[in-house]
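Peer 1: Mind having a look at this structure? Questions to follow.
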């Protein structure tokens, strides 16, 4: 059985991690444009001015500025998004390489500030609209279906300052106007849309940080931000269906599966409740169209008081997503007991699982966890599923003959595709798979280039040096065989 004939094989990227050209053709500043480079043991920072003085604070994807701060670029800092891999000027070359691999789908995001530089303009920036039209037309030329993320950790800096990182209803209207512009502009060119990338990361960044305790005011901020984003997402879904009945609109969840370290009932309960808070909460609202019963418990635990209206709850029901999509990289282990070995990665920290291997970034390799997650999610929601991020970040070395022999990446992806097959044969309606960073790009977590995911090597380093030349890796040719055989041929 395994995959259907029309299974969507492809790869995934994000505008702020590949495009560059941060101030070209009328683009405005986004929050990521004031986010510096980092390293595994050194955070990325947001740079800004308070009373005219340059300051910075540790950042994470989706994080906002302190209240009253004005985002600013510090000439002494390096900002990887400013050039990234310059997809803006290399998109034809890159899409051709995706086509050479046989891509059926290419997941990418739109930079909000290319369309509305500040976010509040009456009319969109025509140069920005034209750029993405050319990208989509190039995809269609090769028979590649675009899968477009509307908001991928890239809020306009002006709006983030004005509305304090989604703490005001005004942000909803700005997002809906932006989404409406995209739906109307690219009707006939784009079929698949995702509203917010890894929307649950807002909560996971708090629950994965042992320094943020229950009741901390950060939870009030996070849950209110999520509520307004839920409203914005539901309004966008409803609008998309009104504009084009062929549109398929999905959510996008950071797929994190938690295991109980022991059979202690306290561990089992803690694990279930962590899954409810970190993963199911967002999926339940966006797929089922209502807050789950355990939401009141979560709000009570964290002293959260939300601005919710009856109209909000009505739009939840009217704007349920058609498709559940998620990223999957690793699993975590939970216990209420004191332990010595702690690991961390991808906005989480937890107990080391003795049955799994870990990367140098603290990410566990767990393909069985992917099968488990797929089956749990499909049983819970019973709508089509796509895996829109999955991959291995590693340091790739050029050999003497200018090739990249990345067997470790092939091994990782093979194991996960096998897990996908098992889940599909067990009844999961999985319709597509886009590996994360099909071409090397800036890491969202660390801002590095050294942490590479792609099938295509890009000559650029962590300091912004390099020719930007593109070189196919061994995994490029392997994935081409996987796609042409519809997942049957996983041999190196």
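The values are calculated or read from the model by the stated rules, or taken from the named source; none is laboratory data. On a predicted model such as this, the values are computed, not experimentally measured, just so you know. Glycine also receives a Cβ, built like all others from the backbone with ideal geometry; neighbour counts cover every protein chain displayed.
Peer 1: What are the residues in the range 77-89 that are surrounded by fewer than 21 Cβ atoms within 10 Å (Cβ to Cβ) and either modelled with pLDDT under 95 or closer than 14 Å to residue 136 by Cα (or both), if any?
Peer 2: none
Peer 1: Also, I was wondering about something else. Specify which of the listed residues (54, 8) is farther than 22 Å from residue 436 by Cβ, at pLDDT 95 or above and surrounded by fewer than 23 Cβ atoms within 10 Å (Cβ to Cβ). Break it down into steps so the answer makes sense when it comes.
Peer 2: Values: 8 fails: farther than 22 Å from residue 436 by Cβ.
From the options 54, 8, the qualifying one is 54.
Peer 1: Tell me yes or no: at least one residue of the range 145-152 is in contact (Cβ under 8 Å) with a residue 24 or more places away in the chain, touching a helix residue (DSSP H, G or I) at 6+ places or on another chain (Cβ under 6 Å), under 30 Å from residue 257 (Cα atoms) and part of a loop (DSSP other than H, G, I, E, B). Walk me through how you get there before you give the answer.
Peer 2: Applying the first criterion (in contact (Cβ under 8 Å) with a residue 24 or more places away in the chain) to the range 145-152 yields 145-152.
Going one step further and asking which of them are touching a helix residue (DSSP H, G or I) at 6+ places or on another chain (Cβ under 6 Å), we end up with 146, 150.
Imposing the further condition that a residue be under 30 Å from residue 257 (Cα atoms) reduces the set to 146, 150.
Narrowing further to those that are part of a loop (DSSP other than H, G, I, E, B): none.
No, the conditions are met nowhere in the range 145-152.
Peer 1: Whether any residue in the range 409-429 is touching a helix residue (DSSP H, G or I) at 6+ places or on another chain (Cβ under 6 Å), under 16 Å from residue 279 (Cβ atoms), crowded, with 16+ Cβ neighbours inside 10 Å and at pLDDT 95 or above is what I want to check.
Peer 2: No, every residue in the range 409-429 fails to be touching a helix residue (DSSP H, G or I) at 6+ places or on another chain (Cβ under 6 Å), under 16 Å from residue 279 (Cβ atoms), crowded, with 16+ Cβ neighbours inside 10 Å and at pLDDT 95 or above.
Peer 1: Follow-up question, since we're still on this one. Can residue 182 be described as within 20 Å of residue 388 (Cβ to Cβ), under 15 Å from the mean Cα position of the chain (by Cα) and either assigned to a helix (DSSP H, G or I) or modelled with pLDDT of 95 or more (or both)? Walk me through it before giving the result.
Peer 2: Values: within 20 Å of residue 388 (Cβ to Cβ): yes; under 15 Å from the mean Cα position of the chain (by Cα): no; either assigned to a helix (DSSP H, G or I) or modelled with pLDDT of 95 or more (or both): yes.
Criteria not met by residue 182.
Peer 1: Another question about this same structure. So in the range 305-343, with the set limited to residues that are in a loop (DSSP other than H, G, I, E, B) and within 26 Å of the chain's Cα centre (by Cα), which one is surrounded by the most Cβ atoms within 10 Å (Cβ to Cβ)?
Peer 2: Our first condition is that a residue be in a loop (DSSP other than H, G, I, E, B); within the range 305-343, this holds for 305-309, 319-322, 335-341.
So of that shortlist, the ones also within 26 Å of the chain's Cα centre (by Cα) come out as 306, 319-322.
Numbers: 306: 14, 319: 23, 320: 20, 321: 26, 322: 17.
Filtering first and then ranking leaves 321.
Peer 1: Looking at the range 411-449, which of its residues are within 26 Å of residue 148 (Cβ to Cβ) and either in a strand (DSSP E or B) or free of Cβ contacts under 8 Å to residues at least 40 places away in the same chain (or both)?
Peer 2: Of everything in the range 411-449, those that are within 26 Å of residue 148 (Cβ to Cβ) and either in a strand (DSSP E or B) or free of Cβ contacts under 8 Å to residues at least 40 places away in the same chain (or both) turn out to be 430, 431, 432, 433, 434, 435, 436, 439.
Peer 1: I would also like to ask the following. What's the number of the condition residue 280 fails, among (1) within 18 Å of the chain's Cα centre (by Cα); (2) farther than 26 Å from residue 168 by Cβ; (3) without any contact (Cβ under 8 Å) to a residue 60 or more places away in the chain?
Peer 2: All conditions are met except number (3).
Peer 1: Answer with yes or no whether residue 103 is under 16 Å from residue 437 (Cα atoms), surrounded by 22 or more Cβ atoms within 10 Å (Cβ to Cβ), within 19 Å of the chain's Cα centre (by Cα) and at pLDDT 95 or above.
Peer 2: Details: under 16 Å from residue 437 (Cα atoms): yes; surrounded by 22 or more Cβ atoms within 10 Å (Cβ to Cβ): yes; within 19 Å of the chain's Cα centre (by Cα): no; at pLDDT 95 or above: yes.
Judged against the criteria, residue 103 is not a match.
To keep it simple, each residue is scored yes or no on (1) touching a strand residue (DSSP E or B) at 6+ places or on another chain (Cβ under 6 Å); (2) buried (at least 24 other Cβ atoms within 10 Å of the Cβ); (3) at pLDDT 95 or above; (4) over 23 Å from residue 107 (Cβ atoms).
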| site | (1), (2), (3), (4) |
| --- | --- |
| 206 | no, no, no, yes |
| 210 | no, no, no, yes |
| 243 | no, no, yes, no |
| 268 | yes, no, yes, yes |
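Peer 1: Could you go through the range 351-365 and let me know if any residue there is in contact with a helix residue (DSSP H, G or I) (Cβ under 9 Å, 6 or more places away or on another chain), crowded, with 16+ Cβ neighbours inside 10 Å and either at pLDDT 95 or above or not in a loop (DSSP other than H, G, I, E, B) (or both).
Peer 2: Yes; the residues of the range 351-365 include at least one that is in contact with a helix residue (DSSP H, G or I) (Cβ under 9 Å, 6 or more places away or on another chain), crowded, with 16+ Cβ neighbours inside 10 Å and either at pLDDT 95 or above or not in a loop (DSSP other than H, G, I, E, B) (or both).
Results for (1) assigned to a helix (DSSP H, G or I); (2) in contact with a helix residue (DSSP H, G or I) (Cβ under 9 Å, 6 or more places away or on another chain), shown as yes or no for each residue.
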residue: 224; (1), (2): yes, no
residue: 245; (1), (2): no, no
residue: 257; (1), (2): no, yes
residue: 274; (1), (2): yes, yes
residue: 279; (1), (2): yes, yes
residue: 285; (1), (2): yes, yes
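Peer 1: If residue 161 passes every condition in (1) farther than 21 Å from residue 234 by Cβ; (2) assigned to a loop (DSSP other than H, G, I, E, B) but one, which one does it miss?
Peer 2: (2)
Matching residues to (1) more than 30 Å from residue 425 (Cα to Cα); (2) modelled with pLDDT of 95 or more:
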{"residue": "443", "(1), (2)": "yes, no"}
{"residue": "465", "(1), (2)": "yes, yes"}
{"residue": "476", "(1), (2)": "no, yes"}
{"residue": "485", "(1), (2)": "no, yes"}
{"residue": "488", "(1), (2)": "no, yes"}
